[in-house]
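Report on the structure given below.
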Amino acid sequence: INEDLQLSVKQWQDFQLLVQRHKDGEPVAYILGVKSFWKHDFVVTPACLIPRPDTECLLEWVLHNFPENKCLRILEIGTGSGAIACSLACARSGWKFVATDISAQALEIARRNAGELNICNIDFVCSDLFANIGDAQFDLIISNPPYIAPNDEHLPDLKYEPQLALVADNSGYDVLFEIITNAKKHMHSGASLILEHGYQQSGTLTDFLRKNSYVDIAAHQDYSKNWRFVT
């Protein structure tokens, strides 16, 4: 702390504008342009979702269950800021990643974050789910897709974040179901699928996975003991 520091008039005015933005409800991460996730800081803008701490549970599961010494191919659908793919790529430099997003603006942020972390093992592809990845197959497919229903009461609190990355039709299941239906053709034998979801969606998703011939299905909780992702 520098008690002798004197702010200029412009610095004080700029600070007051930032305070007002926060009072109006804008998330601090967008105001500062950065958000900590896992072991790194990530650039974030309104073009991408703000990474949440509960998603780190998904990373823990991956790092615990997949060996470091194998060269795995990983697909992340809907990478946003790139927080998941970049965090895993830093921890597993021998793995090869493809990270997709339907938003070209979000992909630019993800590429910037990968560059800041000197990551060379991620290919970023602009794609609506599996549309632009051809016939490629993977050992692991990960997604934190849109899963909030269009009429969800919490949406007004998320007005600053991209609705394309938040909201899905069919009570929030539309994109989740589409991923489950189409993922198998892009999975090697014995590959895994990991999907983050809303806290009330676990049972429906495990049933849908079972109906689509997936096996070894499990539901997992986050740090708050809410059901957060299925494998």
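Remarks
- In the range 64-78, the residue that is nearest to Ile179 (Cα to Cα) out of those that are outside any loop (DSSP other than H, G, I, E, B) and open to solvent by less than 40 Å² (accessible area, probe 1.4 Å) is Ile77.
- At least 2 residues being loosely packed, with under 14 Cβ neighbours inside 10 Å is the threshold, and among the strands (runs of 3 or more DSSP E) wholly inside the range 135-231 those reaching it are 187-196.
- Within the range 18-27, the set of residues being surrounded by 13 or more Cβ atoms within 10 Å (Cβ to Cβ) and under 20 Å from Leu166 (Cα atoms) comprises Glu26, Pro27.
- Filtered by the rule that a residue be open to solvent by 30 Å² or more (accessible area, probe 1.4 Å) and either among the basic types (Lys, Arg) or over 20 Å from Ser224 (Cα atoms) (or both), the range 32-48 gives Leu32, Val34, Lys35, Lys39, His40, Asp41, Thr45, Pro46.
- Of all residues in the range 4-43, those being free of Cβ contacts under 8 Å to residues at least 12 places away in the same chain and either in contact with a Gly (Cβ under 8 Å, 6 or more places away or on another chain) or among the hydroxyl-bearing types (Ser, Thr, Tyr) (or both) number 2.
- Hits in the range 79-130 (condition: in a strand (DSSP E or B), open to solvent by 10 Å² or more (accessible area, probe 1.4 Å) and under 18 Å from Val44 (Cβ atoms)): Asp101, Ile122, Phe124
The values are calculated or read from the model by the stated rules, or taken from the named source; none is laboratory data. Here the structure is a predicted model, which is why all the values come from computation and not from measurement. No Cβ is skipped: glycine too gets one built from the backbone with ideal geometry, and neighbour counts run over all protein chains shown. The area values use the complete protein model at the heavy-atom level, side chains included, leaving out ligands, DNA and RNA. Shrake-Rupley method; radii C 1.70, N 1.55, O 1.52, S 1.80 Å.
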